[in-house]
């Protein structure tokens, strides 16, 4: 557990929590979808941020804890404003966008690799053992 604001900011996901909450209050699930950290790590970061006075939970008596939203406190906003001055907020948001682009590209690659024509092309790249690894295992998914 982070005992200081500095430790929190240097913890995995710490800056992300602050930056994402800067624009608007968010639910746990919304943060989890974007931050690329485990739910348990996010739970720790939110608890630490709350204990350090960086975020405040907005609890709706009508909803379950899933409906709880977290809002940046004045202390948390002060940190994010400084991060903006350093260019970190823009860089972090760009990194999140690039991460999504990589994930989308990975999905496109998976689809391409599943195609029979692709498997055939990959199998024919080597003249020696066209589609097996050093242990004789098929690496392309293509069999003649």
Exercise for the section: Give the number of residues within the stretch 8-36 that are closer than 20 Å to residue 74 by Cα and out of contact with any helix residue (DSSP H, G or I) (no Cβ under 8 Å at 6 or more places or on another chain). Expected result: 4
Exercise for the section: State all residues of the stretch 69-92 that are surrounded by 16 or more Cβ atoms within 10 Å (Cβ to Cβ) and either part of a loop (DSSP other than H, G, I, E, B) or modelled with pLDDT under 95 (or both); if no residue qualifies, say none. Expected result: 69, 73
Handout entry: All positions within the stretch 77-121 that are under 20 Å from the mean Cα position of the chain (by Cα) and in contact (Cβ under 8 Å) with a residue 40 or more places away in the chain
Key = 80, 83, 88, 89, 92, 93, 96, 99
Problem - Condition met for residue 34 (under 24 Å from residue 101 (Cα atoms), part of a helix (DSSP H, G or I) and modelled with pLDDT under 95) - result: yes
Practice task
Hey, can you tell me all the residues within the stretch 110-125 that are surrounded by 11 or more Cβ atoms within 10 Å (Cβ to Cβ) and either modelled with pLDDT of 95 or more or assigned to a loop (DSSP other than H, G, I, E, B) (or both)?
Solution key: 115, 124
Problem - Matching option when the condition is over 17 Å from residue 1 (Cβ atoms), surrounded by fewer than 19 Cβ atoms within 10 Å (Cβ to Cβ) and either modelled with pLDDT of 95 or more or more than 19 Å from the chain's Cα centre (by Cα) (or both), among 39, 24, 60 - result: 60
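The values are calculated or read from the model by the stated rules, or taken from the named source; none is laboratory data. For clarity, every value in this text was computed on a predicted model and none was experimentally measured. All Cβ positions, glycine included, derive from the backbone under ideal geometry; neighbour counts span all protein chains shown.
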